[in-house]
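One structure is given here, and the rest of the page talks about it.
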Amino acid sequence: MEDNLRDQVVAAIKTVYDPEIPVDVYELGLIYEINVFPVNNVYVLMTLTSPSCPAAEVIPEEVKQKIKAVEGVNDVEIELTFDPPFTQEMMSEAAKLELGFM
């Protein structure tokens with residue numbers, strides 16, 4: 001059950017896009033950690049492409065709302081970090097292909 005819920009959480013996160021980049025935040029490598037606790041509380045440690053990202057308040061809130069919409073999720077905590085700072089190396093191959101980095 002836990003793995004399934006985690007997969008659903010990842011799928012929900014993949015519906016959130018950085019407004020300036022046509023790639024979802026998961027493929028961009030902005031999600032550092034996802035923990036699903038036994039009581040179906042979800043903790044996500046994430047970053048943004050830059051601390052001055054215009055969507056700095058919008059993206060984490062959207063991630064939170066999308067995860068909360070997953071059936072069975074009890075509570076969601078999003079923590080923002082800029083350590084380590086985001087770099088293009090963190091992107092998945094799919095994201096790099098989409099953006100023409102490969």
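Computed from the coordinates by the stated procedures, all read-outs in this text should not be read as laboratory data. As the structure is a prediction and not an experimental result, all values here were calculated from the model. Cβ coordinates were reconstructed from backbone atoms using ideal geometry, including for glycine residues, and neighbour counts include every protein chain displayed.
Work out the length of the dipole vector of the chain about its Cα centre, built from +1 on the beta-carbon of each Lys and Arg and -1 on the beta-carbon of each Asp and Glu, and round it to the nearest 20 debye.
Numbers: 6 positive and 19 negative charges, 23 e Å.
Result for the chain is approximately 100 debye, rounded to the nearest 20.
If I compute Rg and Dmax of the Cα atoms in Å from the structure I just sent, which labelled value in (1) 19.5, 71; (2) 16.0, 59; (3) 13.3, 41 lines up? Looking at Rg and Dmax of the Cα atoms in Å for this model, the match is (3).
The local environment of Thr49, defined by Cβ-Cβ distances under 11 Å, has a net charge of -2 under the rule Lys, Arg +1 and Asp, Glu -1.
The H on the amide N of Tyr32, modeled in the peptide plane, is under 5 Å from the matching H of Leu45, Met46, Thr47, each at least 5 residues off or on a different chain. Straightening the chain between Phe101 and Tyr32 buys 22.7 nm, computed as 0.36 nm per residue apart minus the Cα-Cα spacing. Which residue fluctuates the most in the chain, going by a Gaussian network model with Cα springs under 10 Å, if the choices are Glu61, Glu89, Glu27? Maximum among the listed residues: Glu89. Applied to region 17-22, the Karplus parametrisation 6.51 cos²θ - 1.76 cosθ + 1.60 on θ = phi - 60° returns per-residue 3J(HN,Hα) values of 10, 5, x, 9, 10, x Hz, with x for Gly and Pro.
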